[in-house]
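The values are calculated or read from the model by the stated rules, or taken from the named source; none is laboratory data. Everything quoted here is computed from the prediction, not taken from an experiment. Backbone-built Cβ (ideal geometry, glycine too); neighbour counts: all protein chains shown.
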Amino acid sequence: MKYFENPLWLKTKNMKTIEQIKLITDFVRYNVKIIFANKFIYFLIAAFAFFFMVMGIMLFTDSSPDESDIFSSLIFPGILILFYPVIYIIQSDKDTRMLEILFGIPNYRYKVYLVRFALSILLLVSLMFLMSWLTVFLVIKIDVFHMVYELMYCLLFLASLAFLFTTLIKNASGAAVVMVVLGLVFLILAEPLQYSKWNIFLNPFNVPGDMSYTIWQNVLYQNRMMLIIGSLITILWSLINLQRREKFV
């Protein structure tokens, strides 16, 4: 009998596969519990409260909203949703007294925190889809996938930046203060840099009337490339900082 036809070997391989799947499932479930722990629900409620308030204003105004207005109205709820799980991505382990378990996992800084960051972004994307579909139902028909795609450039960069400051400051509350200040700075600069490639909140649906379409597409392309590169650099920098994770406690 050939090796790969051995029933005992196949049974052992299947058992190992089932154990690996169970381990991965438990790992994801634990990290999802960490993301939803403590105060995240309050940020989620605040995000949906703001969203429904804006949708209500749009419903009872005389002017008809367009995709540009929807993009602007979804940015703030997205920031609220990503704020807590990313800022407290490290602090939560200390609060739930799970550091001893994490320190026992080889290369835990990559296996745990990168996965947890990815889960936070996946949660953000899912909720952005939900809000976009609610917009279609309540206010105006939009291309939901395109809307979420454009929103994630800005939101992913802000999430990566928050992750970086959390690893640099080594304190969730301190990182939260820094991100609030930076957010205010970005908002203040958003108006003078409205159509600039340096605008973090550049609205791709708000096409300037005094700029050719080709130039506008080039501005958008450069802006998106900078946000993607910035996100990758900040995530890699954060993972390097997590090599000294023990200093966080």
Complete set of residues in segment 59-79 that are part of a loop (DSSP other than H, G, I, E, B) and touching a residue at least 40 places away in the same chain (Cβ under 8 Å): S64, P65, D66
Residue check for Y213: in contact with a Pro (Cβ under 6 Å, 6 or more places away or on another chain) and either aromatic (F, W, Y) or free of Cβ contacts under 8 Å to residues at least 60 places away in the same chain (or both): no
Filter pass, I240 being of a type in the set (V, I, T), modelled with pLDDT of 85 or more and over 30 Å from S63 (Cα atoms): no
Close pairs (8 angstrom Cβ cut-off, 6 or more residues apart or separate chains): assigned to a helix (DSSP H, G or I) in segment 233-244, charged (D, E, K, R) and surrounded by 12 or more Cβ atoms within 10 Å (Cβ to Cβ) anywhere: L239/R109; L242/R109; Q243/R109
Members of segment 144-164 that are over 19 Å from M225 (Cα atoms) and free of Cβ contacts under 8 Å to residues at least 60 places away in the same chain: V144, F145
